[in-house]
């Protein structure tokens, strides 16, 4: 199902009214809008960004020299995002140059602000969290327990898997065996070669559950291996949040794009009275307006949701909205890791099939080891050293460093590119109230709003997980007899603790994952959490705050499916608790 | 699939990609010089074929103009003459010249010829060229991503954002058949 600006129009007004006002028309806002529209509620979705034009985005992507996560999408000055070239043009983070990860980790998590949200460039891995992720303290004595369990979420996982069209079977890397709506997505040839080495070390590679169509589904085509879906899927085979945004529109919901919500107004009864937005449809002539609803849903992702809550102060909420506990913005979590790669002795043919990955290591995702170190999700990147520019970089190296021309140049580019093996490690982080988002009034964005300030570091538990995952990656590359460089066969480094410590001391550890969680955490106690088990604010009973921000712990798997399941559960609660005006 | 038919397939796929994409961003590299001011374009394409080790036929003429324009953007007449000298020298080589023979010809082409040849090969292979944007900063400008020669050299894949084949093709080793 595709919409573009030629077939979709919005009617704008300075005063919006609906039963439910949703801030953020992304992965979770769209799903909730769809569910609530079907249940008879009038719904208005406001998003700070614009509707994505897929063809225009593809052109932008190809013209970008970097071709990274945010490259395909408009960067609007009125809806700023951390640029991939330098996230600190938007984020503020003190302590530049500190490499000790126990004191500071550079925070580089990217996200988008547009209709469909960050899901436009998410991995498309539709993974369930492990049951133990929800009771980490009880199971392993680490972190905290969630107030909800895997079994409570299970029916909602299944529902979202249907909505997204998740592919899988009994062999996929997942906590449980259960039916999937679509057939599984097979491992690449590269995955299979890595598996041979992994099995020598007692590990193995399994296929992952995906929300990219293994067969045509829900009006969207089958995946044909464009090998760009980590950045943009050109055919819409990969699910993204805009699908349910426009399904909601079909059900009668209203969408207001380029509407930046600048303030949430709380009245003396501690209810949300209205929200204030600025409509940037004509960026040179923005128009202010307000939106009123009976119920409000904030679904603007982990950074922007916290930012909006914190800057929406008035006499009734002097610490910001939903923040009587002082927990808004705290317990920020974004997975960390150190990646590694090498050249296999034989062609393994990367750069084919879905990127990021089709295969994942089975081991170290969950188990008793989590008493000692963090959980780890290691995937095999189908796009080699760089999914978009890797082969180009091989050509530059062959010419500049190896002085090659003619057939030798052609053969070197082919041989080296065909042998690239690269692993990506995502390591669990535990909640820490000192890891937080605040708003920095000394640094304003182009519209005069405070930019997000980040404090971020990891603890020994996560650092040990980074080391174990780093060592495992190198061990598997050694088992493949991989090399640092192809023509000279220079051996890979030995993954010793000493070498690891030297690398960390030199370069630190970076957070570059798209996961941004924990800033509006879920809990039973209003003194130590922001929302209840249905994502309703403890402070304001007509405000729901959804998305990965409600996470209590991070786990190590791709986060989106769990947040979607929680959002659908919250929508069901709203539908069962309130009555929509549409009957 | 024979080598000949594989080459034929590549050209066909390149044409299909180009036709589907019709990417206008390369328009900024449309050469502003008169053709008479450029080296004879067929000679430029032949020299590029030798340096890159990939046979470039006449379907590459438009791209060749773009690349020549990118290479000589802002170049003085003296620098253009130097480029032509290098291209003329390489054009004397047989089509299958190896790296050793190419390097020998470049030494005979005079000072700077090697760096020019390197730049030419890289731009053809990558479809991008490095530009200075400050005293110590530079960035790549993209000329044409889909037609970068790396995608012909790496015949087991294709430019991203291009359909690779039937669902699941990636589970099999590359055999030359897509």
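Before moving on, here are some points about what is shown:
- Count of residues meeting criterion [free of Cβ contacts under 8 Å to residues at least 24 places away in the same chain and either closer than 12 Å to residue A:466 by Cβ or in a helix (DSSP H, G or I) (or both)] in segment A:494-514: 4
- Counting only strands (runs of 3 or more DSSP E) wholly contained in segment A:186-300, the ones carrying 2 or more residues that are in the same structural domain as residue A:547 (by TED's automatic domain parsing), surrounded by fewer than 21 Cβ atoms within 10 Å (Cβ to Cβ) and in contact (Cβ under 8 Å) with a residue 40 or more places away in the chain occupy A:259-266, A:287-298.
- Residue list for segment A:131-175, filter: in contact with a helix residue (DSSP H, G or I) (Cβ under 9 Å, 6 or more places away or on another chain) and closer than 30 Å to residue A:228 by Cβ: A:157, A:158, A:159, A:160, A:161, A:163, A:164, A:166, A:168, A:175
- Scanning segment A:401-417 for residues that are at the interface with chain B (Cβ under 7 Å from one of its Cβ atoms), under 37 Å from the mean Cα position of the chain (by Cα) and more than 11 Å from residue A:350 (Cβ to Cβ) yields A:413, A:414.
- Evaluated against (1) within 14 Å of another protein chain (Cβ to nearest Cβ); (2) surrounded by 24 or more Cβ atoms within 10 Å (Cβ to Cβ), residue A:25 falls short on exactly one condition, (1).
- Residue match in segment A:418-434 (condition: buried (at least 24 other Cβ atoms within 10 Å of the Cβ), within 14 Å of chain B (Cβ to nearest Cβ) and in contact with a helix residue (DSSP H, G or I) (Cβ under 7 Å, 6 or more places away or on another chain)): yes
- For residue B:45, the stated conditions do not hold, so it cannot be described as within 12 Å of chain A (Cβ to nearest Cβ), under 24 Å from residue B:153 (Cα atoms) and modelled with pLDDT of 95 or more.
- Of all residues in segment B:124-150, those that are in contact (Cβ under 8 Å) with a residue 12 or more places away in the chain and in a loop (DSSP other than H, G, I, E, B) total 8.
- Of residues in segment B:142-154 being touching a strand residue (DSSP E or B) at 6+ places or on another chain (Cβ under 9 Å) and within 7 Å of chain A (Cβ to nearest Cβ), the one surrounded by the most Cβ atoms within 10 Å (Cβ to Cβ): B:145
- Complete set of residues in segment A:102-121 that are in contact with a helix residue (DSSP H, G or I) (Cβ under 6 Å, 6 or more places away or on another chain) and on the phi < 0 side of the Ramachandran plot: A:108, A:111, A:112, A:115, A:119
- Test for residue B:121: is it without any contact (Cβ under 8 Å) to a residue 60 or more places away in the chain and facing another protein chain (nearest Cβ under 9 Å): no
- Residue within segment A:446-462 that is part of a helix (DSSP H, G or I) and surrounded by 15 or more Cβ atoms within 10 Å (Cβ to Cβ) present: yes
- Test result for residue A:130, under 22 Å from residue A:360 (Cα atoms) and surrounded by fewer than 24 Cβ atoms within 10 Å (Cβ to Cβ): yes
- Residue match in segment B:72-80 (condition: assigned to a loop (DSSP other than H, G, I, E, B), closer than 28 Å to residue A:408 by Cα and at pLDDT 50 or above): yes
- Selected residue (only one of A:319, A:339 is away from chain B (no Cβ under 14 Å), under 29 Å from residue A:419 (Cα atoms) and surrounded by fewer than 20 Cβ atoms within 10 Å (Cβ to Cβ)): A:339
- When each of A:353, A:384 is tested for being facing chain B (nearest Cβ under 8 Å), crowded, with 24+ Cβ neighbours inside 10 Å, in contact with a helix residue (DSSP H, G or I) (Cβ under 7 Å, 6 or more places away or on another chain) and on the phi > 0 side of the Ramachandran plot, the lone residue that passes is A:353.
The values are calculated or read from the model by the stated rules, or taken from the named source; none is laboratory data. This is a predicted model, so every value here is computed, not measured. Glycine gets a Cβ as well: all are built from the backbone with ideal geometry, and neighbour counts include every protein chain shown.
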